[in-house]
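Written below as structure tokens is the structure these notes are about.
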Amino acid sequence: MCIILRSVGYTVILVSANLFLFASEARAKGKVTFDAGTDPQALYGAGIDFDVYRKGEKVGYHRVRFHRDSKDLIVSSRFHLKIRFLFLTAFEYLYEAEGRWRDGHLQRLEAAVNDNGTQMSLAAERSGDLVAVKSADGTVTERAPIYPTNHWNVSVLPETRVLNTLTGEINDVRIERQGSEKVTTEAGEVSATRYAYTGDLEADVWYDDAGRWVKLRFAARDGSVIEYACRRCQGAIPDRLEQAER
């Protein structure tokens with residue numbers, strides 16, 4: 001999901017869709033090859049876990065879980081951010097979403113936000129060649145396929161329009177390859193390619209050579225840097241991960 005949430009001076013980019021792999025020749029040229037049949041569970045296992053940091057301090061987590069319902073892939077996401085001041089919670093943010101995918105295309109998506117007590121929600125559903133997105137601001141319709149703003153989905157890279165899963169708006173973006181870097185994961189350092197989002201959304205996102213999402217970084221509205229650090233993004237077996245999300 002790549003959505004931007006603006007609250008109490010923080011810009012939070014959340015982060016759904018299908019996956020594709022990088023062909024080695026295409027990687028060398030900075031291009032991508034889409035494989036609609038790629039199973040995200042083959043890349044990530046049951047899920048992904050990131051710790052979220054600001055100014056070197058852990059302030060939250062983001063997790064993604066995958067499971068099958070007959071022929072459909074169900075992708076659930078949960079993002080929790082808590083800012084403390086003098087041992088008290090000064091700000092808290094919770095995002096939860098569930099998407100249903102079939103044959104590599106979004107069929108339905110529901111998302112809910114608790115923005116420090118303010119509730120927001122949206123629902124998107126595909127019918128034929130169109131996707132209708134309902135939010136508090138009304139309904140917008142976009143031609144399918146449209147990718148939600150969820151960074152685990154590397155197939156978003158060639159796109160120029162994405163569904164902002166907080167606002168329900170269709171955002172115009174440009175996603176450009178920036179180069180290769182080393183990124184720390186639970187499997188050690190891996191080679192990853194950084195891509196920069198500009199336009200209605202701004203962020204840096206990293207994918208490893210297999211197409212796995214391994215890192216995210218963006219500037220908050222107050223100028224501080226928010227960074228996602230991989231705790232599990234290489235398909236590792238969970239080891240008290242749920243207990244660590246506190």
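The values are calculated or read from the model by the stated rules, or taken from the named source; none is laboratory data. Since the model is a prediction, treat every value here as computed from it, not as a measurement. Cβ sites come from the backbone with ideal geometry, for glycine too, and all protein chains shown count toward neighbours.
When only residues in the stretch 130-153 that are of a type outside the set (A, V, I, L, M) and either in contact with a His (Cβ under 7 Å, 6 or more places away or on another chain) or not in a strand (DSSP E or B) (or both) count, which is nearest to R65 (Cα to Cα)? Even if it seems obvious, please write down each step before you answer.
We begin by selecting, within the stretch 130-153, every residue of a type outside the set (A, V, I, L, M); these are 134-135, 137-139, 141-143, 145, 147-153.
Narrowing the set further to residues that are either in contact with a His (Cβ under 7 Å, 6 or more places away or on another chain) or not in a strand (DSSP E or B) (or both) leaves 137, 145, 149-153.
On the way: D137: 29, P145: 22, T149: 16, N150: 12, H151: 13, W152: 11, N153: 13 Å.
Among those that are of a type outside the set (A, V, I, L, M) and either in contact with a His (Cβ under 7 Å, 6 or more places away or on another chain) or not in a strand (DSSP E or B) (or both), it is W152.
Looking only at the stretch 101-119, how many residues end up being exposed (fewer than 13 other Cβ atoms within 10 Å of the Cβ) and either in contact with a Pro (Cβ under 7 Å, 6 or more places away or on another chain) or charged (D, E, K, R) (or both)? Before the answer, list the steps.
Residues of the stretch 101-119 that are exposed (fewer than 13 other Cβ atoms within 10 Å of the Cβ), as a first pass: 103, 117-119.
Among the residues that remain, those that are also either in contact with a Pro (Cβ under 7 Å, 6 or more places away or on another chain) or charged (D, E, K, R) (or both) are: 103.
Qualifying residue count for the region: 1.
Is the stretch 122-134 home to any residue that is touching a strand residue (DSSP E or B) at 6+ places or on another chain (Cβ under 8 Å) and polar (S, T, N, Q)? Give the steps one after another, and end with the answer.
The initial filter retains those residues of the stretch 122-134 that are touching a strand residue (DSSP E or B) at 6+ places or on another chain (Cβ under 8 Å), namely 122-126, 129-134.
Still in the list and also polar (S, T, N, Q): none.
No - not one qualifying residue is present in the stretch 122-134.
Anything in the stretch 75-93 that is of a type outside the set (S, T, N, Q) and surrounded by fewer than 16 Cβ atoms within 10 Å (Cβ to Cβ)? List them, or say none.
Just the residues of the stretch 75-93 that are of a type outside the set (S, T, N, Q), to begin with: 75, 78-88, 90-93.
R84, F85, L86, F87, L88, A90 - these are the residues of the stretch 75-93 that are of a type outside the set (S, T, N, Q) and surrounded by fewer than 16 Cβ atoms within 10 Å (Cβ to Cβ).
Could you check, for the stretch 120-129, whether at least one of its residues is surrounded by 21 or more Cβ atoms within 10 Å (Cβ to Cβ), touching a Phe, Trp or Tyr at 6+ places or on another chain (Cβ under 7 Å) and outside any loop (DSSP other than H, G, I, E, B)? Reasoning before the result, please.
Of the stretch 120-129, the ones surrounded by 21 or more Cβ atoms within 10 Å (Cβ to Cβ) are 122, 124.
Checking which are touching a Phe, Trp or Tyr at 6+ places or on another chain (Cβ under 7 Å) leaves us with none.
No, every residue in the stretch 120-129 fails to be surrounded by 21 or more Cβ atoms within 10 Å (Cβ to Cβ), touching a Phe, Trp or Tyr at 6+ places or on another chain (Cβ under 7 Å) and outside any loop (DSSP other than H, G, I, E, B).
Can you find, within the stretch 188-238, the residue that is nearest to E169 (Cα to Cα) among those that are basic (K, R) and surrounded by 15 or more Cβ atoms within 10 Å (Cβ to Cβ)? Spell out the reasoning first.
Within the stretch 188-238, the subset basic (K, R) is 194, 212, 215, 217, 221, 231-232.
Still in the list and also surrounded by 15 or more Cβ atoms within 10 Å (Cβ to Cβ): 194, 212, 215, 217, 231-232.
On the way: R194: 25, R212: 26, K215: 25, R217: 22, R231: 31, R232: 30 Å.
For the stretch 188-238, the residue satisfying everything is R217.
Being at pLDDT below 95 and surrounded by fewer than 19 Cβ atoms within 10 Å (Cβ to Cβ): is that true of K182 here? I'd like the intermediate steps shown before the answer.
Working: at pLDDT below 95: no; surrounded by fewer than 19 Cβ atoms within 10 Å (Cβ to Cβ): yes.
When the stated conditions are applied, K182 does not pass them.
Take the stretch 104-125 and flag every residue that is more than 21 Å from P40 (Cα to Cα) and within 20 Å of the chain's Cα centre (by Cα). Lay out the reasoning, then the answer.
The first filter runs over the stretch 104-125 and keeps only residues more than 21 Å from P40 (Cα to Cα), leaving 112-125.
A112, V113, N114, D115, M120, S121, L122, A123, A124, E125, listed by residue number.
Restricting attention to the stretch 163-214, which residues are in a strand (DSSP E or B), farther than 16 Å from F50 by Cα and in contact with a helix residue (DSSP H, G or I) (Cβ under 8 Å, 6 or more places away or on another chain)?
I175, T193
Just to verify a result, which residue in the stretch 47-83, among those that are more than 18 Å from G99 (Cβ to Cβ) and small (G, A, S), is farthest from the chain's Cα centre (by Cα)?
So the residue we want is G56.
Please state which of the following conditions W206 fails to meet, knowing it meets all the rest: (1) among the hydrophobic types (A, V, I, L, M, F, W, C); (2) modelled with pLDDT of 95 or more; (3) more than 16 Å from V156 (Cβ to Cβ).
It is condition (3) that W206 fails.
Kindly provide the set of residues from the stretch 130-159 that are acidic (D, E) and touching a Phe, Trp or Tyr at 6+ places or on another chain (Cβ under 7 Å), ordered by number.
Matches in the stretch 130-159: E159 only.
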